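Notes follow the structure.
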Amino acid sequence: MEFSNSIKKFLTKKNFTLVHLDSVTSTMSEIKNYLDGEKNICMIADQQTEGVGRRGNKWVSPKGNIYITFLFKYNLSIEQHFLLSAVTANSISDLIKRYVKEKINIKWPNDILVNNNKIAGIMTEIVELNNIRYILIGAGINISSSPKIYEYPTCCLNDYEVNIKYEEFLFEMIKSYFDEYEMIIHKKYNQVLEKFRKRMMFLGSYVDILFPDGSLQNLYLKDINYDGSLLVDNKGIEEKIFSARIISDIN
């Protein structure tokens, strides 16, 4: 698949080099081979042979969908890492809303759902080279197909009979991401998080939360913090939750 010059020119203006590959294990893994301390990279693959979702689950990644990862120098504190996930989720949610009129929500911490069906996912990772930190931000968006997964339902834009041109949608996704990223540049962190909150599922309700040790608690979800942790009420006591799984839903 040959991309138009418009995508390349846009990324060049943003000081990013485009790397387009036919097939990779995953863009999150492959892009690390391009880490040289000099270039910002935007990697796009037509398909992934070993796509990975949350908790290491396999994510089937055939041609026709979007698989993309950005790599650039990390300029936030570790505590603000989640803001980059929030920016990405906000940008993808806004873009999908242009094409479908259905209900769109963000499921903590990084899934995007249309009518409770997963249509996109986000992954972030911090890497280091010569004592300099870099951030990887990866996203997968179901355009023409979606994997059949036992644990939870999925969907794609084609399910809503949307006439999608792959390259056009990809370009709009890249532009939408950089538009939202402007909030990070201008330190509008409150606006980033507030936008995320408005689409966040289960906020202001009781949810069943499964912890890594296998314990299950029913807690009141009060808020989300800048560091991406959940703020919950546990019998009148506020607690932060960094690693857990909300299971009062499809996943």
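The values are calculated or read from the model by the stated rules, or taken from the named source; none is laboratory data. Quantities reported herein were computed from a predicted structural model and do not represent experimental measurements. No Cβ is skipped: glycine too gets one built from the backbone with ideal geometry, and neighbour counts run over all protein chains shown.
The rows are residues; the columns are (1) in a strand (DSSP E or B); (2) out of contact with any Leu (no Cβ under 9 Å at 6 or more places or on another chain); (3) of a type in the set (V, I, T).
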| position | (1), (2), (3) |
| --- | --- |
| T88 | no, yes, yes |
| I92 | no, yes, yes |
| K97 | no, yes, no |
| I106 | yes, no, yes |
| A120 | yes, no, no |
| I126 | yes, no, yes |
Checklist entry - What do you reckon, is L129 over 21 Å from K101 (Cα atoms) and not polar (S, T, N, Q)? => result yes
Next on the checklist: If I filter the range 218-239 down to residues being among the β-branched types (V, I, T) and more than 17 Å from the chain's Cα centre (by Cα), which single residue comes out as farthest from L83 (Cα to Cα)?
Outcome noted: I237
Item to check | Test for G121: is it in contact with a Ser or Thr (Cβ under 7 Å, 6 or more places away or on another chain) and either of a type outside the set (K, R) or under 26 Å from F16 (Cα atoms) (or both) | outcome: no
Item to check | Residue count for the range 91-126, restricted to those that are within 26 Å of L35 (Cβ to Cβ) and surrounded by 15 or more Cβ atoms within 10 Å (Cβ to Cβ) | outcome: 10
Item to check | Single residue of the range 161-175 satisfying the filter (among the charged types (D, E, K, R) and in contact (Cβ under 8 Å) with a residue 12 or more places away in the chain) that is nearest to K13 (Cα to Cα) | outcome: K175
Checklist entry - Residues of the range 25-43 being without any contact (Cβ under 8 Å) to a residue 40 or more places away in the chain and either among the aliphatic types (A, V, I, L, M) or crowded, with 16+ Cβ neighbours inside 10 Å (or both), which ones? => result S29, E30, I41, M43
Next on the checklist: As an exercise: evaluate M123 against (1) touching a residue at least 60 places away in the same chain (Cβ under 8 Å); (2) over 26 Å from N225 (Cα atoms) and give the number of the one condition it does not meet.
Outcome noted: (2)
Checklist outcome for this item: Here the qualifying pairs (Cβ atoms under 8 Å; residues six or more apart or on different chains; first in the range 176-204 and assigned by TED's automatic domain parsing to the domain that holds A86; second in a helix (DSSP H, G or I) and of a type in the set (F, W, Y)) come out as M183/Y189
Checklist entry - Any idea which of (1) part of a loop (DSSP other than H, G, I, E, B); (2) touching a strand residue (DSSP E or B) at 6+ places or on another chain (Cβ under 9 Å) is the one V162 doesn't satisfy? => result (2)
Item to check | Unique match (being outside any loop (DSSP other than H, G, I, E, B) and under 15 Å from I66 (Cβ atoms)) among F196, F169 | outcome: F169
Checklist entry - Looking at I149, is it aliphatic (A, V, I, L, M), at pLDDT below 90, assigned by TED's automatic domain parsing to the domain that holds R98 and farther than 21 Å from N105 by Cβ? => result no
Checklist outcome for this item: Every listed condition ((1) touching a strand residue (DSSP E or B) at 6+ places or on another chain (Cβ under 7 Å); (2) surrounded by 13 or more Cβ atoms within 10 Å (Cβ to Cβ); (3) among the polar types (S, T, N, Q)) holds for Q191 save (1)
